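Peer 1: One structure follows; several queries about it will come next.
The values are calculated or read from the model by the stated rules, or taken from the named source; none is laboratory data. Owing to the predicted nature of the structure, the values given are computational and were not obtained by experimental measurement. So basically every Cβ, Gly included, is an ideal-geometry build from the backbone, and we count neighbours across all protein chains shown. Heads up: the accessible areas ignore ligands, DNA and RNA and are worked out on the full protein's heavy atoms, side chains in. Shrake-Rupley method; radii C 1.70, N 1.55, O 1.52, S 1.80 Å.
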Amino acid sequence: MGDQHGRVVGFDPQRGLGTVEAAGGARYRFHCTRIVDGLRDIAVDAEVTFRVVPGHHGGWEADAVRPST
């Protein structure tokens, strides 16, 4: 799948787990190691670009999560 646009709808900095919602409404989980800038933190409601990839436990996850410019 190509790059998608959406926003961060949840992020738990202690666990490093977050959720992005794509423009079409689908939601994908991600781990902080999937954030491109390496900071391991991202603000809720941040507009982002990401890719959808097969997840470790089945289903789909967000990868290469980066703030939109």
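Peer 1: Explain nothing, just compute: Karplus ³J(HN,Hα) = 6.51 cos²θ - 1.76 cosθ + 1.60, θ = phi - 60°, for every residue of the stretch 6-11 in order, whole Hz, x for Gly and Pro.
Peer 2: Whole-Hz 3J(HN,Hα) from phi for the stretch 6-11: x, 9, 6, 9, x, 7.
Peer 1: Could you sort Thr33, Thr49, Thr69 by accessible area so the largest value comes first, with the probe set to 1.4 Å?
Peer 2: Result, largest first: Thr69, Thr33, Thr49.
Peer 1: Could you work out how much longer the chain between Asp37 and Arg51 gets when fully extended? Use 0.36 nm per residue separation minus the Cα distance between them, nm to one decimal.
Peer 2: Result for the pair: 3.6 nm of gain on full extension.
Peer 1: Among Val52, Val20, Val36, determine the one that fluctuates most according to a GNM of the chain built with springs between C-alpha atoms less than 10 Å apart.
Peer 2: For the chain, modelled as a Gaussian network with Cα springs under 10 Å, the answer is Val36.
Peer 1: Then there is this: Local charge sum around Gly38 (other residues, Cβ-Cβ under 15 Å, Lys/Arg +1, Asp/Glu -1)?
Peer 2: Neighbour charge sum, excluding Gly38 itself: 0.
Peer 1: Let's see if you can work this out: charge +1 on each Lys and Arg Cβ, -1 on each Asp and Glu Cβ, no other charges. What is the dipole magnitude of the stretch 30-69 about its Cα centre, in debye to the nearest 20?
Peer 2: Dipole size: approximately 140 debye.
Peer 1: Just the C-alpha atoms of the chain: what Rg/Rh do they give, with Rh taken as the Kirkwood radius?
Peer 2: Numbers: Rg = 10.5 Å, Rh = 11.6 Å.
On the Cα set of the chain, Rg over Rh gives 0.91.
Peer 1: Given the options Ile42, His31, Val20, identify the residue whose Cα lies farthest towards the positive end of the charge dipole of the stretch 20-69 (+1 on Cβ of Lys, Arg; -1 on Cβ of Asp, Glu).
Peer 2: Of the candidates, His31 comes out farthest on the positive side.
Peer 1: Same structure again: How big is the charge dipole of the chain about its Cα centre, in debye rounded to the nearest 20, if each Lys and Arg gets +1 on its Cβ and each Asp and Glu gets -1 on its Cβ?
Peer 2: Value, rounded to 20: 140 debye.
Peer 1: From the phi angles alone, apply the Karplus equation (6.51, -1.76, 1.60; θ = phi - 60°) to the stretch 63-69 and give each ³J(HN,Hα) in whole Hz, x where the residue is Gly or Pro.
Peer 2: Using θ = phi - 60°, the values come out as 9, 6, 6, 9, x, 6, 10 Hz.
Peer 1: Carbon-plus-sulfur fraction of the accessible area of the chain, 1.4 Å probe, in percent?
Peer 2: Values: 2120 of 4240 Å².
Summing carbon and sulfur atoms, their accessible area is 50 percent of the total for the chain.
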